[in-house]
Structures are given as C-alpha cells and as structure tokens.
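Presented below is the structure to which this report refers.
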Amino acid sequence: MNHLYKINTNTSLKNIKFNDAFNIHSSYNLENYIEISGNLIHITAIVNWERVEIGQGNVIGPYSCIGTESPNISNFSNGNVKIGNQNLICEYVTIHLPTNDKLGTIIGSNNILMSSSHIAHDCILGNDIVLCNNSAVAGHSRIMDCVTLALNSSIHQFKLIGSWSMIGMNTCINKSIIVEPGNIYFGVPAKKIGKNIIGLRRKKITKEQLNNELQLFNTLISNENYL
Amino acid sequence: MNHLYKINTNTSLKNIKFNDAFNIHSSYNLENYIEISGNLIHITAIVNWERVEIGQGNVIGPYSCIGTESPNISNFSNGNVKIGNQNLICEYVTIHLPTNDKLGTIIGSNNILMSSSHIAHDCILGNDIVLCNNSAVAGHSRIMDCVTLALNSSIHQFKLIGSWSMIGMNTCINKSIIVEPGNIYFGVPAKKIGKNIIGLRRKKITKEQLNNELQLFNTLISNENYL
Amino acid sequence: MNHLYKINTNTSLKNIKFNDAFNIHSSYNLENYIEISGNLIHITAIVNWERVEIGQGNVIGPYSCIGTESPNISNFSNGNVKIGNQNLICEYVTIHLPTNDKLGTIIGSNNILMSSSHIAHDCILGNDIVLCNNSAVAGHSRIMDCVTLALNSSIHQFKLIGSWSMIGMNTCINKSIIVEPGNIYFGVPAKKIGKNIIGLRRKKITKEQLNNELQLFNTLISNENYL
C-alpha cells in the first residue's frame, strides 16, 4: 500500500471524537486512512460522495462500498445514504442507495458495522448497534437502538427490530417473528429465548423505559409498513 | 476513485441490454465501470480474462474476483469460467475456475449474484437465478433456472437444485435433502415447507411445465453424479 | 490489473513448498502475486507488515486484510499476528490484531482459509484446518488441528474446538456446546451428531491418539479460560 497521507492526530483531528472501538493511535490506521471532513476513510474504500451525507468521527474501512447502487428490479431513486457520527465501518461493508427519495438509507450514530455486514436499500439504523461479521439486513428494514446482530445472522425485508434486542449467531429473522425490544432471539427460524438481561443491565434500562419503547415499537408496527 | 473513463450510454452501449436490476443511468455506475466487449466491469474488479468466456450485457461489480483459482487439493485444469448475458454480479463475488477441462464453471444468463456470494469450481448455474448476500454454492453443484438462494444460505457440493425453488435465509442444503423444482426449503438442516406458489405464479408456470421439469430433474439425478 | 512482477518459479521459489491447494503454475497466480520473503502476496492484499510475523510458503489472496485493527472496545495491544508456513489464505479474509501483548493472534501451518472467512483478535489456530467461505471465529477462540468449519458456520468467542472435528454448514457453536475432538457438530444451536469417522480415517488417527487428544482438550478447558 502507498502511504498517501499521514494523519496528524495532534492537529487536524484534535477536536473530533471517534468510535471507542477504533484505535486512532494505531500506526496502521494513521497511515492508511485519509481525513475527509472530519471522518477517516481507508484509501481502498469506495464512497459515492455525490449520494452520501455524513457527519463527523466516522471511520470507513478497507474495501467497503458506501452509497453504491442496489441490485434492484423495482425502482431507482435520487435518494441518499445518510450517516450520523462516530460510526465504525470495518472491511467489505456494503451500504446501498435507497429506492425511495423521501427518506433514504439511514445510519444513526455510534454503530459498529463489522466485516462483510450488509445494509440494503432504504434501511434505517438507530444508534449504538453492533452488526457482527456477515450479518445482513434486507431492504426497507429498521433496526432500533442498541441492537446486536451476531455472526452470520439475517433480517428479512420490511422488518422492525426492537431496541436492546440480541439476534443470535446464524439466526434468521423471517417474516413471522416479532422482535420486541429487550429480548434475545435465536434459531432458524428464530424463537424468543428470553429477556436480554445483560444487555438491559449494561445500558441501565428501567422497566418504564422498556415499556415506553414497547409502545413506540407497537405504534411503528401499526402505522408503518413494518412486519 | 479515479474516473478513468466515462461510459457513453448514448453511443457505445446503445444496443446492449443489461440486467433490469442494474441502473445504467446512475452517475456512479457511469463513472466507475469500464466497457469491455459490451460488458461493464468495475474498475476494481479482478477478471482473469485468459480463462473467462463472456457474452454481452454483464456487469461485474466492485472487488469481485471472476475466474481466479479455486483452493483445491484434488485437481487443476485448463477449463474456463463461461458467462452468458445480462448477469448482474455485485460486490465481492467469487466465481472460481473449474477442476475439469470438459465443462467449466458455467453461469447462464440474467442472474443476479449479490454481495459476497460464491460460486465454487465446476458449478453450473441456469438462468434467472438470484443469489442473495453471502449465499455460497460448493463445488460441482448445479442450480436450475429461476432459483432464489436467500441471505446466508449454503449448498453442499454435488447438489442439484430444481427450478423455481426457493432456499430460505440461513438454510443449509446438505447431502440428504432433495431440492425438487417448485418448492420452498428452509432450516438447518433444510426441510421442504411447501410449494413455492408465489414463485410459480410470477413465472406463470403450468402444472405440465412443472411436471416436465420434475422429469428432467429426476433424469439428471439418475444420469449424472448429483446428490 | 497491472502486472507488476512476474514470479519466476524456476529460480526464486524453487526451494519453497506451498500449500497443495495452491496452483503455483497458474498464469493468473504467477502474474498477480508478488514474492515477499518466500511468501506469495496478491497485489491487492493488505498486510500490516509492522505487526505480522510470517514463515514461508504462505499465500495471501485478493483483497484480504491481515493484521489490521480489530473493532474492539475493551483493549488495544502491541501484539502481533503470527503465521506459520504453507497457509493458503484466499479472497477477502480478515485476520485481526490481538488485544493481548503476550500471545498474539496465531495461525499455525498448512491451513486453508477460504473466501470471506474471519479470524478475530487473539484467536489461535493449529495446523491442517479448513475454514470454508464465510465461516467466522469470534475473539479469543482456539481451533485445534485438522478441524473443518463448513460454509457460513460461526464460533462463539472463547471457545475451544477439538482436533478432527467437523462443524457443519450454517452451524452455530455457541457457549454451551462442548466441541470434543473427532466429532461432527451440526445445527442452530449445534448438536453432536456422531463421530467424524471419515475425517479420523483419512488422517489415520488411532483410538489412543484420540484419547490423548481428549485429555489435552480437557486440560485446556480446565486450565485456560475456554468455554
């Protein structure tokens, strides 16, 4: 790899906060990422800048493709990919353009998208989400806050995934399973296997917060087209 | 990315039909693909041109590797990868060289191979197939027409997959399950869960067509080495 | 692709043994790999040479990322990735840096890591292992010798995987299942489905060897932090 640019953490990035899981002091990272508007972009990443709106403190890793066209028979749009702040996007991640002009494909803040994870067209991700390797979210789905998708898990299109839920390894969330906030789902097809006690405790979620989130979840299921 | 070449859709590609799921008018696509013999090849795709025979109207996407060597202890051959027309190959797709000189690794026409899908050595794909993200087909298998492999699904080596079948998300087609035409299979291990009614209706398949296909399927199972 | 360098198998690599599954005589391989200290590195592979210790006869394939930083909230270290000899690393493989200075992320010898397989931080791999496409090993796990991870399989963090075991396609090895040497595991969650008779016969493993390995396995489970 050519070292095109050496990031100067002392000056140019002094006031920018990155995701805690990104090692800003690694010499590999300092030499192989370039700074663009307060974000660090690996020199091999493909970003369709004309169609990507982005905040600050994001990292886009090796060979990832952000804002490229979705393979999509139904519709093409002029919508954008919209990315918040402090997201860590690792290797070979794909985030596709939306098919709908109104909303866009939306990634909140402070999410970690690990290697080969995939966000399809028109998906909406909240904050503090972890997508493990090879986890894939099909089109038009919405992932609420603090969700973990474990290795090799899959989400059907048009699904709503409740906050603080945990989707197990090799698990398939298909049309018929409702993924309510604060629970663990596992299997092919997925079954609810209990409360996500560790996840809820770590985030210090009260019973009231969980109830409010469940109401929001039910409202979204009723008013929007989610499954 | 450098814009090495701007495709002129008005002249050079006027008479070439591409896959309906490829947005030929996207400015990203116009600027990052180059035209080679009536096909569009992303500037980062690796194609082993000496060993790839290809038709027209195909798209090979970012970072895909087509016609590279298979990790293969048994045998090496001089066979080729053979690709028909109007296939859409997305990001990080691998199509490996065959181990057998006679046939080759064969991809028909009008297939969509989504990100990180994999076609191993000596596989044969028909037409109108969709391989979703991370679906993987092991060596020597044959996928008949209009099959869908959903996210993160796997096909064992030497399998025959019948036309208009649908393989569910996170599903494993292992040695012992027979994937007959026109059905849905799901689970680890996969079970037949019913007729692929939507798929058959969309393609307007008559009972007679389905019966003929089943006869062809049984003949292939008997006469060839398929499982 | 530019042909930067044409490998001369007659002179420079005459005395170096590569993995049997790598076709050293393929013209694609001769033209797209460069020789570095007795190893063949694809011109698009990313290797963090400051943090990778490597033997001889290894192949690192297209777009693989070796020794890059792990997305890791807990800890960063100065540890290295350590790779033995005659490993064949295919496309899009990730091997991440350790979080622990003492050991490192360790890959033995004669392993085949197929496309999009993933070795997380602090993992230890023995010898003669096959990781099929999209198989993923989470952090701090240890894979003993001659193990096969089939397509799309996943290993939970801190797991110990016994020698001559076979992990089936789309299989999830979670916390609670013990993967003893010489057995086959399959399903979500995985269940032991019998002895790996073919694997044990191929490697000519005696009952005594298997018993010794089981004792070693139990010692490692007791004395280390493996699950």
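Which residue fluctuates most in the GNM of chain A (Cα springs below 10 Å): A:Ser154, A:Ser165, A:Ser27?
Largest GNM mean-square fluctuation: A:Ser27.
Hey, fewest Cβ within 10 Å first, where do A:Phe76, C:Phe217 land in order?
Going from least to most buried by this count: A:Phe76, C:Phe217.
Return the distance in nm (one decimal) between the two label points of a simple spin-label model at C:Gln56 and C:Lys203, each offset 7 Å from Cα along Cα→Cβ.
Computed distance between label sites C:Gln56 and C:Lys203 equals 2.6 nm.
How would B:Leu151, A:Leu103, C:Leu13 line up from fewest to most surrounding beta-carbon atoms within 10 angstrom?
A:Leu103, C:Leu13, B:Leu151
Would you work out if segment B:34-174 is rounded, prolate or oblate? Take a ≥ b ≥ c from the square roots of the eigenvalues of the alpha-carbon gyration tensor; rounded if a/c is under 1.5, else prolate when a/b is larger than b/c, oblate otherwise.
In terms of gyration-tensor shape, oblate.
Under 1.5 on a/c is rounded, so check that first for the protein assembly as shown, then, if it is not, pick prolate when a/b is larger than b/c and oblate when it is not; a ≥ b ≥ c are the square roots of the alpha carbon gyration tensor eigenvalues.
Rounded.
Report ³J(HN,Hα) in whole Hz for each residue of segment B:69-78, in order, from the Karplus equation J = 6.51 cos²θ - 1.76 cosθ + 1.60 where θ = phi - 60°; Gly and Pro get x.
6, 7, x, 7, 7, 6, 6, 10, 10, 9
In nm, what does the list of distances from A:Ser74 to its counterparts in the other copies look like, shortest first, when each label sits 7 Å along Cα to Cβ?
For A:Ser74, the inter-copy label distances come out at 4.1, 4.1 nm.
For a paramagnetic label modelled at 7 Å from the Cα of A:Asn8 toward its Cβ, which residues of segment A:30-71 fall within the zone defined by backbone nitrogen distances under 16 Å?
Within reach of a label on A:Asn8, which here means backbone N under 16 Å from a point 7 Å along Cα→Cβ, segment A:30-71 contributes A:30-31, A:34-38.
Within the set of other residues whose C-beta is less than 10 Å from the C-beta of A:Lys203, count the net charge using Lys and Arg as +1 and Asp and Glu as -1.
+1
Treating only the Cβ of Lys, Arg, Asp and Glu as charged (+1, +1, -1, -1), what charge dipole size does the protein assembly as shown show about its Cα centre? Round to the nearest 20 debye.
The dipole of the protein assembly as shown has a size of about 1740 debye.
Output ³J(HN,Hα) for segment C:194-199: one whole-Hz value per residue in order, computed from phi by the Karplus curve 6.51 cos²θ - 1.76 cosθ + 1.60 with θ = phi - 60°, and x for Gly and Pro.
Going residue by residue, I get x, 5, 8, 4, 4, x Hz, with x marking Gly and Pro.
What FRET efficiency would be calculated for the residue pair B:Leu214, B:Lys175, taking the C-beta separation as r and a Förster radius of 22 Å, to the nearest 0.05?
So the FRET efficiency works out to roughly 0.60.
Sorted from fewest to most neighbouring beta carbons within 10 Å, what does the list A:Ser163, C:Ser141 look like?
C:Ser141, A:Ser163
Restrict the search to segment B:134-227; then list the trypsin sites (Lys or Arg not before Pro) that DSSP places in a loop and that have at most 15 other Cβ atoms within 10 Å of their Cβ.
B:Lys175, B:Lys203, B:Lys204
If I take R0 = 22 Å and measure r between the Cβ atoms of A:Ile43 and B:His25 in this structure, what FRET efficiency does the formula 1/(1 + (r/R0)^6) give, to the nearest 0.05?
The computed FRET efficiency comes out at 0.15.
With Cβ to Cβ distances under 13 Å as the rule, what net charge do the other residues near C:Met114 carry (K, R +1; D, E -1)?
Result for the local shell: -2.
Taking Cα atoms, how many degrees apart are the long axis of helix A:207-223 and the longest axis of chain A, rounded to 10 and kept between 0 and 90?
In chain A, helix A:207-223 runs at an angle near 90 degrees to the longest axis.
Quick check: net charge around A:Leu227, other residues with Cβ under 12 Å of its Cβ, Lys/Arg +1 and Asp/Glu -1?
+2
Rounded, prolate or oblate for segment B:122-199? Axes are the square roots of the Cα gyration tensor eigenvalues, ordered a ≥ b ≥ c, and the cut-off for rounded is a/c under 1.5.
Taking the square roots of the gyration eigenvalues as a ≥ b ≥ c, segment B:122-199 is rounded.
As a check on your grasp of the helix formula, calculate [θ] at 222 nm for chain C: sum -39500 (n - 2.57) over DSSP H runs of n ≥ 4, divide by the residue count, round to the nearest 500.
Mean residue ellipticity, 222 nm, calculated: -3500 deg cm²/dmol.
Taking H placed 1.01 Å from N in the peptide plane, check which residues at least 5 places from C:Glu91 or on another chain put their amide H under 5 Å from its amide H.
HN-HN under 5 Å from C:Glu91: C:Ser115, C:Ser116.
Only Cα pairs under 8 Å and at least 6 apart count here; give the relative contact order of chain A as a rounded whole percent.
Relative contact order here is 10 percent.
Please go through segment A:1-109 and write out the trypsin sites (Lys or Arg not before Pro) that DSSP classes as loop and that have at most 12 other C-beta atoms within 10 Å.
Qualifying residues, ordered by number: A:Lys6, A:Lys14, A:Lys102.
What is the set of long-range amide H partners of C:Ile54 at a cut-off below 5 Å, with H atoms built 1.01 Å from backbone N?
C:Ile83
So if we plug the beta-carbon distance of B:Asn223 and C:Leu103 into 1/(1 + (r/R0)^6) with R0 = 60 Å, what FRET efficiency do we get, rounded to 0.05?
My answer for the efficiency is 0.65.
Between copies, how far does the label point of A:Ile43 sit from its twins, in nm, shortest first, when each point is 7 Å from Cα along Cα→Cβ?
Computed spacing set for this position: 1.6, 1.6 nm.
What are the nm distances, shortest first, from A:Leu214 to its equivalents in the other copies, labels at 7 Å along Cα→Cβ?
A:Leu214 label point versus its equivalents elsewhere: 4.7, 4.7 nm.
What ³J(HN,Hα) values, in whole Hz, does the Karplus curve 6.51 cos²θ - 1.76 cosθ + 1.60 give for segment A:48-61 when θ = phi - 60°, with x put for Gly and Pro?
Residue by residue, segment A:48-61 yields 7, 4, 5, 10, 10, 9, 9, x, 10, x, 8, 10, 10, x Hz.
Roughly how many Å is it from the Cα centre of segment A:107-131 to that of segment C:55-128, as a whole number?
Using only Cα atoms, the two centres lie 25 Å from each other.
Computed from the coordinates by the stated procedures, all read-outs in this text should not be read as laboratory data. If you're wondering where the values come from, they're calculated on a predicted model, not measured in any experiment. FYI the Cβ positions are ideal-geometry reconstructions off the backbone, even for glycines, and counts take in every protein chain you see.
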